[in-house]
Amino acid sequence: MKKRTLLHEGKAKKVYLTEDNDLVIQEFKDDATAFNNKKKGTIADKGVVNNAVSCKLFGLLEAHGVKTHLVEKLSGRDMLCRRLDIIKVEVVVRNIAAGSLVKRYGFTEGTVLENPIVEFYLKNDDLDDPLMNESHAVALGVASYEELAVLKERAEAINIVLREFFAQRKLKLVDFKLEFGRHHGEILLGDEISPDTCRFWDLETNEKMDKDRFRFDLGGVEDAYSEVQRRVLD
């Protein structure tokens, strides 16, 4: 399967058409952004790490009955995927208070939530991906109530699988973002699951091992990404 026309280029990936209209190739870039593209940079080999980690985790989720867009890993940076009509809703699952949850509601960072929180954000860079509820999403026409219920249910099921997987690898899954799309009437998990889209803390030291190291100039970004990859693939 070969790349043809560039269909879309985002902050972290390029998506190419193939000879099969149902399939696309997702190429992972080393470009790094934060704060809705206000901070930009490069993380060496980030694309290779995120592709490898995402392929592993999509495979894990498929084995647990979660349908994803993954077909196969093609190369270090390229993933063959089912072509999706992306639902313009970012689903965020929070297990431990961090990031905007601390800023918005005054949680102490590191507070373990008794029950995971599932949030919906409008996928719109121009509006800085605002937090929204189900009524907003329906009014905006981005999803139906029935679809939003599916997204929430899938996100909660994914969280159960991933929390256990990462705990076995001495990582806390603090929070993470998911994106879904429609494919021939089915809703599939798309995009990626990686240190770009998840917060990981070391289980013993609470050291941050994700894109927060880039966001807040903590240093050791490449080492953190590589360590996550090592733990995930071992």
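FYI, it's all coordinate maths here, none of it is from the lab. This structure is a prediction, so every number in the text was calculated from the model and none was measured. Cβ atoms come from the backbone with ideal geometry, glycine included; neighbour counts cover every protein chain shown.
Of note:
- When all alpha carbon pairs of region 161-234 are counted in 5 Å bins from zero, the resulting P(r) reads 3, 16, 25, 23, 14, 9, 6, 3, 1 %.
- Normalised by the number of residues in region 6-82, the mean separation of alpha-carbon contacts (under 8 Å, six or more apart) gives a relative contact order of 26 percent.
- Using Cβ point charges alone (K and R +1, D and E -1), the dipole size of the chain about the Cα centre works out to roughly 340 debye.
- Among the GluC sites (Glu not before Pro) in region 29-133, those placed in a DSSP loop whose Cβ has at most 16 other Cβ atoms within 10 Å are GLU109.
- Three semi-axes describe the equivalent ellipsoid of region 51-109; taken as square roots of 5 times the Cα gyration tensor eigenvalues and ordered largest first, they are 30, 14, 12 Å.
- Against the rule of thumb 2.2 N^0.38 Å, how large the Cα Rg of the chain comes out: 0.97
- Compactness of region 1-139 as Cα Rg over 2.2 N^0.38 Å, two decimals: 1.19
- Farthest positive-ward along the chain dipole, Cα basis, beta-carbon charges - from ALA63, PHE166, PHE35: PHE35
- Mean separation of Cα contacts under 8 Å (6+ apart) over length of the chain, as relative contact order %: 18 percent
- Springs join every pair of Cα atoms under 10 Å in this Gaussian network model of the chain, and among MET79, MET132, MET209 the largest mean-square fluctuation is at MET132.
- Three-way shape call for region 85-221 based on the alpha-carbon gyration tensor, with the a/c threshold at 1.5: prolate
- If you run the Gaussian network model on the chain, springs between alpha carbon atoms under 10 Å, then out of GLY41, GLY141, GLY99 the most flexible one is GLY141.
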